[in-house]
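The values are calculated or read from the model by the stated rules, or taken from the named source; none is laboratory data. What you see is a predicted model; the values in this text were computed from it and never measured. Neighbour counts run over all protein chains shown; Cβ positions are idealised from the backbone, glycine included.
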């Protein structure tokens, strides 16, 4: 979460709205147990143990009505600081154990313990809040979800109530409007409707199946990026889906990333893991022969499928899955090459965003939080790599925001954050500087001085993953993809069976003019109206309708997804008017 947001008035307003909701819940369900209720980027939530009571959408309306009553009471919101023993007694008096006692035990000894009270409601909370409930006017409860206590699926499943709040009525109405638009753009619905991808319980949660049209889109995206990489000196490699557990022990993933990795497979002689990342494999390829400074930079690229054990409650269609394909690359560079290579990677990422039509973006630089012990590597290396990233941003003229604590455990990173058609912000491509893995794997190259030196690694993935990227593009374009990316670019619709031979000739002529054009000839025995409706539903960019007059004149009647009926034209003329790939 953005540090500036946590200090903002909106953050305090939404935090107070979460308390207002909790207060109202306890008035309606006195036996409920509260756990945590934080503000989040677009609203707030509260995880609550309702015992045997099942909460429905109808209950949300009742809770929201009670919230409005409590807001109208304009209750002062008062902070009180207690000792640890006083706090323990207060929680027991409020009958909010055991959850609040667990949270109390997690508060460090040096941190103050505070409670906030509004009317008859009191909650353990560090704040901040607004001063009175009357300030909370423009809010809406949105939906109900399940959430494990403390995010651990071994713990009890709680009920999570989501809501949002804004300073003004206009902001709330705009947000609710965008939510409705988002439902129409939901990639999970459109993905199945357009024949892109699906999920099956028989295969497993978070493991997508790519349908033919989705597979076409994957190929189009990978072909585009593969060519761009070859032009920039990347070398393709291919690595296995599993690897010896020793690799992940050396890399540090077994220590820092174990909860995101699938269980170990043991054949009695070796232990294997599904790879969560491709880095160690590329490192092994680098180490397979002696390297000279003349060999560097080395740029290995792979569309590698990785597996991460995301908790079931965190899965979100294609946006968060357990098996996904990264457009991964690792660059091995000398210290003198670092800045230019980093800038080259960022330039490629910007080319990718431009090609995808994602031009509203910002830059976030994730640096180390010196107070956190999760990071590995020498302070000097961290300082050098962070300096290189910031210098690259300056040289490229990129406005950027520094986000302390957002670095990967092995090095700082630069993230490109795009804003979509609904104003939502998403992390897209990422690039990371890494002194740590070369050290852990004892990587070397022979320098100009004839002595061994340690290379620096750059990790990068412009798409992030094909799954996430296609999911986001589906929502960005509401399924109406740009011509170059559309799985079917032209639909040929013969009016009757007697027009099918002419339709086949038109298809062949089109391919002669535009090799590789993705054409679908609909020769089913359906009415023309149904064929057109289906092509429109599938958001095909162009339809060619063929009847007696078209065949006699050797023309095609063209219908555009964007412009409607374009009239008749010859096949060569239609091919010439098509957008360039």
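Listed here are the strands (runs of 3 or more DSSP E) enclosed by region 442-538 that have at least 3 residues being under 25 Å from the mean Cα position of the chain (by Cα) and in the same structural domain as residue 335 (by TED's automatic domain parsing): 456-461. Residues in region 205-232 that are closer than 27 Å to residue 284 by Cβ and in contact with a strand residue (DSSP E or B) (Cβ under 6 Å, 6 or more places away or on another chain) were compared, and the one that is surrounded by the most Cβ atoms within 10 Å (Cβ to Cβ) is 225.
Annotation for region 233-253: no member residue is crowded, with 17+ Cβ neighbours inside 10 Å, under 21 Å from the mean Cα position of the chain (by Cα) and either assigned to a helix (DSSP H, G or I) or at pLDDT 95 or above (or both).
Test of understanding: among 339, 273, which residue is outside any strand (DSSP E or B) and free of Cβ contacts under 8 Å to residues at least 60 places away in the same chain?
Testing whether each residue is outside any strand (DSSP E or B) and free of Cβ contacts under 8 Å to residues at least 60 places away in the same chain leaves just 339.
Restrict the check to region 112-121 and report whether at least one residue is in a helix (DSSP H, G or I) and either free of Cβ contacts under 8 Å to residues at least 24 places away in the same chain or farther than 22 Å from residue 47 by Cα (or both). No, that holds for no residue. The single residue among 259, 295 that is in a loop (DSSP other than H, G, I, E, B) and touching a residue at least 24 places away in the same chain (Cβ under 8 Å) turns out to be 295. In the set (1) in contact with a strand residue (DSSP E or B) (Cβ under 9 Å, 6 or more places away or on another chain); (2) surrounded by 12 or more Cβ atoms within 10 Å (Cβ to Cβ); (3) not in a strand (DSSP E or B), the condition left unmet by residue 143 is number (3).
A quick yes/no check of all residues on (1) modelled with pLDDT of 95 or more; (2) at positive phi:
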residue: 431; (1), (2): no, no
residue: 440; (1), (2): no, no
residue: 445; (1), (2): yes, no
residue: 461; (1), (2): no, no
residue: 464; (1), (2): no, yes
residue: 471; (1), (2): no, no
residue: 478; (1), (2): no, yes
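With respect to the conditions (1) free of Cβ contacts under 8 Å to residues at least 60 places away in the same chain; (2) in contact with a helix residue (DSSP H, G or I) (Cβ under 8 Å, 6 or more places away or on another chain), residue 156 lacks only one, and its number is (1).
Just checking, does region 192-205 include any residue being over 18 Å from the mean Cα position of the chain (by Cα) and part of a helix (DSSP H, G or I)? Yes, that holds for at least one residue.
Selection over region 539-555 of residues that are part of a loop (DSSP other than H, G, I, E, B) and buried (at least 19 other Cβ atoms within 10 Å of the Cβ) gives a count of 3.
Among the residues making up region 304-340, those that are surrounded by fewer than 21 Cβ atoms within 10 Å (Cβ to Cβ) and under 19 Å from residue 231 (Cα atoms) are 337, 340. Quick check: is even one residue across region 68-79 buried (at least 18 other Cβ atoms within 10 Å of the Cβ), touching a helix residue (DSSP H, G or I) at 6+ places or on another chain (Cβ under 6 Å) and not in a loop (DSSP other than H, G, I, E, B)? Yes.
When residue 39 is tested against the conditions (1) closer than 20 Å to residue 93 by Cα; (2) without any contact (Cβ under 8 Å) to a residue 60 or more places away in the chain, the lone failure is (1).
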